[in-house]
Amino acid sequence: MRFIHARVPRTDVDAVLDVLSEEHIDHVVTEEVGGGDGDGAVVVQFPLPAQAVETVLNDLRDAGLDDSFTVIANAETAATPHFAELEERFVEKGEEDDAVVPEEIRSKARNLNPGARTYYAMTLLSVVVATVGLLLDSPAIVVGSMVIAPQVGAALTASVGVAFSDERMVRDGLGAQVLGLGLAVASATALGWVLRSTAFVSGAVDVTTIAQLSSRTSPGVLSLLVGVCAGAAGAFGLSTDLPVSLVGVAVAAALIPAAAAVGVGLAWGYPAVAVGAGVLLVVNILTITASGAVALWYLGYRPEAWRERTPRGALRSGALNATLVAGVCIVVVTGLVGAAVAEQSAFENTANAAVEEVLDDPGHRALSLLSVSVEFGGFGVASSPREVTVRLRRPADESYAALPGRFAGRISAATGADVTVSVEFVESATATARARTEAASDVRRIDPSQHAHPVEPGDRSNVISAPQSGHDGGSSPSTSRSNSRSLQS
């Protein structure tokens, strides 16, 4: 629910109050004391459901309200004669959707930005956690870094600025992201260098084999979808009454781990890792901004200049310069980076297909493909030949010495590029144990005193004789004995 405070010149009071009366909106009029203009003004106050704010304000603007002094505040409840009727019209019957006014979107986006000290401190803490999570290959720790990252405010501020052609918001949003993520990369690099130098993490570790890291150093279409969806979700959160804080994790998921991966690549001296993660980071910044702006336009939000003139007139007047400049930059940078990402995705798809062809051989049916990762090769950073890592599950103690060569030959033939293939095996062994019942157990020894069968004269079927040797080699009655054993199954 919203509570509107609007300053209305006396010349327009009657028209504004007529609109409020026609809409059955309960209002209070307060005389202004000490007004600057000769005619004076009044302050009109009235409660509205959030869904009704944009419609009512548009009607009031048509009646003469100039927005020179209009405050939209949140309110918890309202006990007025006709407020229940307004809720029934705009909320229950859905006369309008749950969108909010552009002024409120601007305010919500800016309120998501903490103070500078808090913003940079939380960015530093989040990237430290993300770097540790990547090196430990721990998804839980990486997710924890996303929860405390503060990037959502800067990202959505830039999106709102592009959608409304607000140059200051575009500059503030993109500037905060560049500075914050630059700090994140520098911090991750310093932390990685310290961990490597002090041998807390061995410098000989091949960081490209860490699953949490390698997934962020080879950008593809699926990786970019995270940024697209995060920006669009943020726009929907801003334009409705939904809590935008829920979108913060998605925005951070597209930015903070990638920034940490850049730092790890620099600290360990892997240019391909650093550039691959850097490409993903830059593209995600731009896709979040662009998808958020596109979603706001889809929801009907436009630059303020469009209220007063046609889009062509607004374009000629220069009111859309911020949107045009930002749009051109996004298209150019995304196009250049997108070409490298498209080439990387095509190479990965071809390599996957070649690996699967080799594994279709009858002699490799015991193998299971786990993953295929390809070193990022955009912008000429990949060494020649390109490195491909194949992870397989195999039976224990089985050797496939010729497999890397077969993979390399097939991938090279399919892509036309020189490749180096590394094969990592995960061994598996299977054993089955069956439980035995007591009835199927082995033969058990029974106490003869309890289960001895009567022995008839001349019957020796249940008698085992154990002859003993005497001193003279003959049989001695004193040392000879007979044992009776009962057998039961």
Quiz item: Per the Debye formula with a single identical scatterer at each Cα and no solvent contribution, what log10 I(q)/I(0) holds for the stretch 1-160 at q = 0.10, 0.16 Å⁻¹?
Solution: -0.55, -0.92
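Mind ordering 342-350, 369-377 by average Cβ neighbours within 10 Å, highest first? Mind showing how you got there, number by number?
On the way: 342-350: 16.4, 369-377: 20.6.
Highest to lowest by the protection proxy: 369-377, 342-350.
Would you kindly calculate the translational diffusion coefficient of the stretch 112-263, applying Stokes-Einstein with the Kirkwood radius from alpha carbon pairs, for 25 °C and a viscosity of 0.890 mPa s, and quote it in µm² s⁻¹ without decimals? It would help to have the intermediate numbers written out before the result.
Details: Rh = 15.9 Å.
Taking Rh from Cα pairs, D becomes 154 µm²/s.
Order of 171-180, 79-88, 57-66 by packing, highest average Cβ count within 10 Å first?
On the way: 171-180: 19.2, 79-88: 14.2, 57-66: 16.5.
My ranking of the peptides, most packed first, is 171-180, 57-66, 79-88.
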Quiz item: Based on the alpha-carbon gyration tensor of the stretch 89-201, what equivalent-ellipsoid semi-axes (square roots of 5 times the eigenvalues) come out, in whole Å, largest first?
Solution: 37, 18, 9
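Would you kindly state how much longer the chain becomes between LEU225 and VAL143 on full extension, computed as 0.36 nm times their sequence separation minus their alpha carbon distance, in nm to one decimal? Could the numbers behind the result be given before it?
Numbers: separation 82, 0.36 × 82 = 29.52 nm, distance 1.76 nm.
Between LEU225 and VAL143, full extension yields 27.8 nm more.
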Quiz item: Using the C-alpha gyration tensor of the stretch 1-91, what are the square roots of 5 times its eigenvalues, in whole angstrom, with the largest one first?
Solution: 23, 13, 11
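Remind me, relative contact order of the stretch 40-150 in percent, using alpha carbon pairs under 8 angstrom and six or more residues apart? Write down the numbers at each step before the final one.
Working: 67 pairs, mean separation 26.2, N = 111.
Relative contact order of the stretch 40-150: 24 percent.
What length, rounded to one decimal in nm, is gained on full extension from ALA353 through to VAL43, with 0.36 nm per residue of separation minus their alpha-carbon distance?
Working: separation 310, 0.36 × 310 = 111.60 nm, distance 7.03 nm.
So the extension gain works out to 104.6 nm.
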Quiz prompt | Rough spin-label spacing in nm, given labels placed 7 Å along Cα→Cβ, for ASP418 and THR198 | solution = 4.1 nm
Practice problem: Would you tell me the accessible area of HIS5, worked out with a 1.4 angstrom probe on the heavy atoms of the protein chains, in Å² to the nearest 10? | Solution: 50 Å²
Self-check item: Gain on full stretching of the segment that runs from SER107 to VAL331 - 0.36 nm per residue minus C-alpha separation
Solution: 77.9 nm
Self-check item: Inter-site label distance for ALA15 and SER428 at 7 Å from Cα along Cβ, in nm
Solution: 7.6 nm
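Using R₀ = 22 Å, calculate the FRET efficiency as 1/(1 + (r/R₀)^6) where r is the Cβ-Cβ separation of ALA402 and VAL205; round to 0.05.
Values: r = 28 Å, r/R0 = 1.28.
Efficiency, rounded to the nearest 0.05: 0.20.
The values are calculated or read from the model by the stated rules, or taken from the named source; none is laboratory data. Values in this document were obtained by computation on a predicted structure and should not be read as measured data. Reconstructed Cβ throughout: ideal geometry from the backbone, glycine too, with neighbour counts over all protein chains shown. Quick note on the areas: whole protein, heavy atoms, side chains included, nothing else; ligands and nucleic acids left out. Shrake-Rupley method; radii C 1.70, N 1.55, O 1.52, S 1.80 Å.
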